[in-house]
1. Identify all residues within the range 1010-1036 that are touching a strand residue (DSSP E or B) at 6+ places or on another chain (Cβ under 6 Å) and not in a helix (DSSP H, G or I); write none if there are none.
2. Any residue in the range 845-861 that is in contact with a strand residue (DSSP E or B) (Cβ under 9 Å, 6 or more places away or on another chain), buried (at least 18 other Cβ atoms within 10 Å of the Cβ) and more than 25 Å from residue 1241 (Cβ to Cβ)?
3. Please go through the range 1063-1092 and pick out each residue that is more than 30 Å from residue 461 (Cα to Cα) and touching a helix residue (DSSP H, G or I) at 6+ places or on another chain (Cβ under 8 Å).
4. Which pairs have Cβ atoms under 7 Å, sit 6 or more apart or on different chains, and link a residue in the range 1142-1153 that is modelled with pLDDT of 95 or more to one that is surrounded by fewer than 19 Cβ atoms within 10 Å (Cβ to Cβ) and not in a helix (DSSP H, G or I)?
5. Here is a list of conditions, (1) closer than 23 Å to residue 1119 by Cα; (2) without any contact (Cβ under 8 Å) to a residue 40 or more places away in the chain; (3) part of a helix (DSSP H, G or I), and residue 1239 meets all of them except one; can you say which number that is?
6. Please work out if residue 205 is in the same structural domain as residue 316 (by TED's automatic domain parsing) and under 30 Å from residue 353 (Cα atoms).
7. Residue check, residue 259 against (1) surrounded by fewer than 20 Cβ atoms within 10 Å (Cβ to Cβ); (2) over 23 Å from the mean Cα position of the chain (by Cα); (3) in a strand (DSSP E or B), all met but one. Which one?
8. Determine whether the range 700-714 contains at least one residue that is free of Cβ contacts under 8 Å to residues at least 60 places away in the same chain, out of contact with any strand residue (DSSP E or B) (no Cβ under 7 Å at 6 or more places or on another chain) and not assigned by TED's automatic domain parsing to the domain that holds residue 135.
């Protein structure tokens, strides 16, 4: 770090210190290490700040210990009557009040924070609607703002204290109003103004509901303002309202700068259990979620280069819902929302009204000078509140929310839960017929159903899907022995049990005693599992009948829906009760197919379109099981509406109309177990955040819901039972994929699983910014018209999809809540079939790699595991969950894009001709002016969500196959589903392509075939038999891979992975023939052509003259490099072998193999003389830290100022996906010197290089007339 010396406020010396300042060590002031370089003199008036502090004119000598922002000692209070109000000077600040209840002005020093304001502090709105039922978000209505009617006021200065009281009412007309009592108080020497507000509703409020009630203060800040949003665990977000970048990624000056405008800032404490920090460019853009946590500290700050204002609400979480907000446009406005407009409108007669009415609200408003990080007004606030510290007090802490919470502690319910389904690997040529197998557990035969989900080139079974009951059963006629595959069935409680699979032509699996029957007749499918009979058919009611032990459970057929709201005007983001025209979309299933018919499992696939104006496509897969009364449903929606600014999903899910039930009761799976809800007209379970849910009920005739339990994470089930039994709905990954809701309408006898809840705001998937961000790496034009003219014009979200998984548990009266909880837990985290890490390697179903069970690589294997654990840790730490985000990871760690040119140089450049500017590289003058607040660049152009970049799914799947770690499997499963559904397109212009990493999964302008890479879901498919992945692979083959020409390296990555996977899935001779013609297009006399031009469907190579042995990352690390290796191991193609060895020879001319790593490892395995390649790799592994330390092997340093991720997200994935293959040719861990090992272990203990908070430019130097034309927004957007 740099050490700077000041004398009398002037810098006199600066020098780099020769040691890092490590946290937790001894601090010596006046000597070096307490042993040398002693100060010759005395130390007096020592002060220690939270970060480097440049001396300010206000730093006065003193011997007392005092925190910044506290009272100025000895100051006198001055109160002067002025026309229409009063002026108060506390000695620390000056403010003026108006008689009608407004703060007219507020100054600290000579800086005005509020100026010439006439707006009263209090404001409110009601939502007027005769349709609103207190639960559903959509209801036609209008918003009415209250008129402030002042009544009385009084000013009372006493000895050192000032109090002002105001009374008045917020009048909505028609006799409805809120009576208000407001008291403002200040003290001599204090920069703090405290407001106490008490509210009482008067009038009938017939068809009127409170939408917002706020204490608002218009500000007088400069345009260059910043907003501090504190969270918990020491996290504070400090964001510039307005800033620009001037330099393109190519190093040239942008024709029009990047415009970054963050106008809306909020901290919403939605319940006593959870908060949400977010910001938005405008009301017309989708907000960015910054942090979700448990209890926000209750303050926020806005400041410019001179001074600022902190404002706070005492008891923020206890009085939830509450919100702190800043509208940063113009001079700005600060608001404390006593009821915020993102909440459901409030019936003043409801129990929730106590959050607004009755007990007084206490808010604090504190003026400060300078930077809040240096002046620490939050510390003064903590002292004022009488607490040791606030939850936002730095440093940020590496503490996982709810780390010890266990939602899976219910006992197993093997006899009622879905059957086990798991894929196992088999060696080439070992099994031709999937029926010639036999499964045993503890010597007893186990009922079994099988089918091949992967084939070898000789048509033998490569991956075999096993379906069997975890509780066993009776089997008749099983016989024979052959090859043996032992495997474990791993369970959610950490236990595992051993099974034996025999396979050969002479083995017979036998016939299970308990079997189902399934048949497809014209237009319908019937299934009889024994206890449960189902009938499915095309049409609007796809599940016509469900009979349990002969008793009909449904009143009419089950149906699905994707309902939209079409808004006629701009929807203000993050607000409830959007107005527009409902556009309901009930599914009409058009096709039905019985895919499996037993004996143990039946699978039915239905597909159709909804009835909305722009119909969504819906695909359903229902599974039923022999001897079980459960049905597992996969529900996929493909979104096809073209403009997300005009059409918003308002609800999405399935309805089950039920047969009448006597004495019906509702029980839900709460955080601590079953929760019986009181009787009423409606009841439900809503997960609105990964840290917050409510179990609720609604009484007959009531227009509000009653919260029965409010905690963090629910168990994802709701059961409606009567005297004869009932039905339970279980939504898998409910808290991870919020928002969602399970609801029971007891008046209409209907169960609903809402994948997007109708009780909350509409789904907002508009782009996060209405401006392009080329300087921040987006694939866009530097033109402020790009978003409306290009992004939205190309139907940006068409083909994005989402899959949910639901369990329907039909049960009799003997099934109590505990049993439902057990079935639900089994469904949430089912038993897994794991054959052992060595079995996957030895069978050849993965690339050759070090045996996981080997003891030759203790450090390298630990490194593989820590890398996976690093990602899991950050998912939990930063809350990478939600409807669209669960399964993805962030892409840019501790860095970002965005550079400026110093103002004088910029003025010189903009005065040159436009033609000259286009050619001029300005990199030498560029100054980086972006760093993320906290590790991840989630808000920075193309840096945000990863979207398959570097193939993280491949890594996680492979690491699960190596370890059997169940947590890794479910992480990889979520990743596979997310990448397949959200980041890869299923229709429209981008079918076969995807979207590059970005702030949103669809916000970047780059769409390439490399982003649709089958490696990201391939092994999860083989392990689960997920039909959605098989459908997608077939669709891509038929519509894209067998038809579309391919010309460039990146596209070959997607194409080769897709063809290989589809060949493996199907065993198709036609695909094999295509690959046999396609692979030679890469092979040249000198090695590998990475961008051959190939015509499909003829598969003719027309050119091989580009990118021969170029080492392009889009080829070697995005799928094509993996694909070439896999093709060799499938076919033994010798020409491919020779070409890869030539690439290795090219790589060995350089000290680092770079993206050629795979080729060199290949040569070390398959060259005629492999020793030199192995020696090269041994030497490289000793010099490259990736093999042994890509992250610190210490979870304490997965996050924090000394955390690091070697080589960036992409770079680390590029290497780590190759490391297992690399280890297959090494003898053991790299042989490091003692000093190298000491450095490695020191990093494990202490972390890497220290990083601090960002220091970003105010950019006020650009506010001059000479730059105005260049910097202005040429085409302002909403």
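1. Answer for the range 1010-1036, where residues must be touching a strand residue (DSSP E or B) at 6+ places or on another chain (Cβ under 6 Å) and not in a helix (DSSP H, G or I): 1012, 1025.
2. Yes, the range 845-861 has at least one match.
3. Scanning the range 1063-1092 gives 1084, 1086, 1087, 1088, 1089, 1090, 1091, 1092.
4. Sorted first by the residue in the range 1142-1153, then by its partner, the pairs are 1142/1086.
5. (1)
6. For residue 205, the condition - in the same structural domain as residue 316 (by TED's automatic domain parsing) and under 30 Å from residue 353 (Cα atoms) - is met.
7. Going through (1) surrounded by fewer than 20 Cβ atoms within 10 Å (Cβ to Cβ); (2) over 23 Å from the mean Cα position of the chain (by Cα); (3) in a strand (DSSP E or B) one by one, residue 259 breaks only (1).
8. Yes, the range 700-714 contains at least one residue that is free of Cβ contacts under 8 Å to residues at least 60 places away in the same chain, out of contact with any strand residue (DSSP E or B) (no Cβ under 7 Å at 6 or more places or on another chain) and not assigned by TED's automatic domain parsing to the domain that holds residue 135.
The values are calculated or read from the model by the stated rules, or taken from the named source; none is laboratory data. Note that the coordinates shown come from a computational prediction; the quantities given were computed from them, not determined experimentally. Every residue, glycine among them, receives a Cβ derived from its backbone with ideal geometry; neighbour counts consider all protein chains shown.
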